[in-house]
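Input: a single structure, listed below in structure tokens.
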Amino acid sequence: MDHDVVRKAPLFSPLDDQAAETLIATMSPSRLERGDVLFHEGDQGDRLYVIGEGKIKLGRTSSDGRENLLAILGPGEMFGELSLFDPGPRTATATAVAETQLVSMGHEQLKEFLAQRPGVALTLLSALARRLRRTNDVLADLVFTDVPGRVAKALLDLAGRFGRQVDDGVLVPHDLTQEELAQLVGASRETVNKALADFASRGWLRLEARAVLLLDVERLTRRAR
Ligand code: CMP
């Protein structure tokens, strides 16, 4: 696993290289295939995870079985900290959407570490605050923005984290099925497919298997407003 990628997680940012490497060496590595569930919403949680490679979807299921995705996390991102700061059950189910490598640390070990390094607790707080800001934006979009606008926004967000510049535009290998994309946007698959087909017919993007090529980021950005 690429330790330089793991090191980008907020947990390590205030540490020098040696302290970060020492901490990473104490963490347990694990590996998941697409579809493997790491933990379920409601489980008792006692570990924090950092992604080294791959992607994890965080989802919730309604009582009638519908799924909503809270976030797709990728390399250098962490999760599983809510049940540390607010002891209780896991607030979401974590499932791999690609082959994924992680390192993890038990909450007890993390608490001891935070007591010695209060600076790290502060960066974890900033990460939590960023997540709350993002969640508030998503909530407002659910109320104020139409589905095509939310689709455009979700694609741009995925592009910012997983996209890479290619000749024709920005290639975003999101690894999501159309169903998962719809769950992320919080709309039906039909409505999301219609929005994607409309963007494709306007020449703003090209759909590929578990990926999308953004051809006109500027128009998509305007549509996302
Ligand atoms: P925990 O509740 O321990 O397990 C599920 C994890 O999903 C949670 O910790 C957070 O790390 C993460 N999570 C929960 N809600 C969100 C959200 N809205 N955005 C991003 N990550 C989240």
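Any read-out appearing in this document is the output of simple, stated calculations on the displayed coordinates, not a laboratory observation. Keep in mind it's a predicted model, so treat the numbers as computed, not measured. Every residue, glycine as well, gets a Cβ built from its backbone with ideal geometry; the counts of neighbours run over all protein chains shown.
Charges at C-beta only: +1 for Lys and Arg, -1 for Asp and Glu. How large is the resulting dipole of the chain about its Cα centre, in Debye rounded to 20? Display every interim value, and only then the final one.
Numbers: 29 positive and 33 negative charges, 149 e Å.
The calculated dipole for the chain is roughly 720 debye.
With r defined as the distance between the Cβ atoms of Ser188 and Leu122 and R0 fixed at 30 Å, what FRET efficiency is calculated, to the nearest 0.05? Can you show the working numbers first?
On the way: r = 41 Å, r/R0 = 1.38.
Using R0 = 30 Å, I get an efficiency of 0.15.
Return the FRET efficiency for the residue pair Gln109, Glu33: r is the Cβ-Cβ distance, R0 is 25 Å, and the value is rounded to the nearest 0.05. Display every interim value, and only then the final one.
Details: r = 27 Å, r/R0 = 1.07.
In this case the efficiency is close to 0.40.
Can you list the HN-Hα couplings for the stretch 30-36, worked out from phi with the Karplus curve (6.51, -1.76, 1.60; θ = phi - 60°), rounded to whole Hz and with x for Gly and Pro?
Karplus-based 3J(HN,Hα) across the stretch 30-36 equals 8, 9, 10, 9, 3, x, 5 Hz.
Distances over 16 Å make up what percent of all Cα-Cα pairs in the stretch 3-52? Each step should come with its number before you reach the end.
On the way: 590 of 1225 pairs.
Across the stretch 3-52, Cα pairs with separations above 16 Å total 48 percent.
At a Förster distance of 30 Å, what's the computed FRET efficiency of Gln165 paired with Glu41, Cβ-Cβ distance as r, to 0.05?
That pair, Gln165 with Glu41, gives E of 0.25.
Could you give the Stokes-Einstein D for the chain in µm² per second, using the C-alpha Kirkwood radius, 20 °C, 1.002 mPa s?
Working: Rh = 18.5 Å.
For the chosen part, D equals 116 µm²/s.
Would you list Ile51, Ile24 from fewest to most Cβ contacts within 10 Å? Before the final figure, lay out each step's value.
Working: Ile51 24, Ile24 21.
The most exposed by this proxy come first: Ile24, Ile51.
Mind checking the alpha-carbon convex hull of the stretch 16-101 and giving the volume per residue in Å³? Working shown, then result.
Working: hull volume 8.6 nm³, N = 86.
Per residue, the Cα convex hull of the stretch 16-101 comes to 100 Å³.
Testing the spin-label approximation: label points 7 Å from Cα along Cα→Cβ at Ser13 and Phe144. State their distance in nm.
In this crude spin-label approximation the distance works out to 2.6 nm.
List the relative contact order of the stretch 9-128 as a percent without decimals, with contacts defined as Cα pairs under 8 Å and 6+ residues apart. Walk me through the numbers before you get to the answer.
Working: 231 pairs, mean separation 46.7, N = 120.
Taking the mean separation of contacting Cα pairs over the length of the stretch 9-128, I get 39 percent.
Along the positive direction of the dipole of the stretch 46-204 (beta-carbon charges: Lys, Arg +1; Asp, Glu -1; about the Cα centre), which of Leu171, Val50, Gln101 reaches farthest?
Val50
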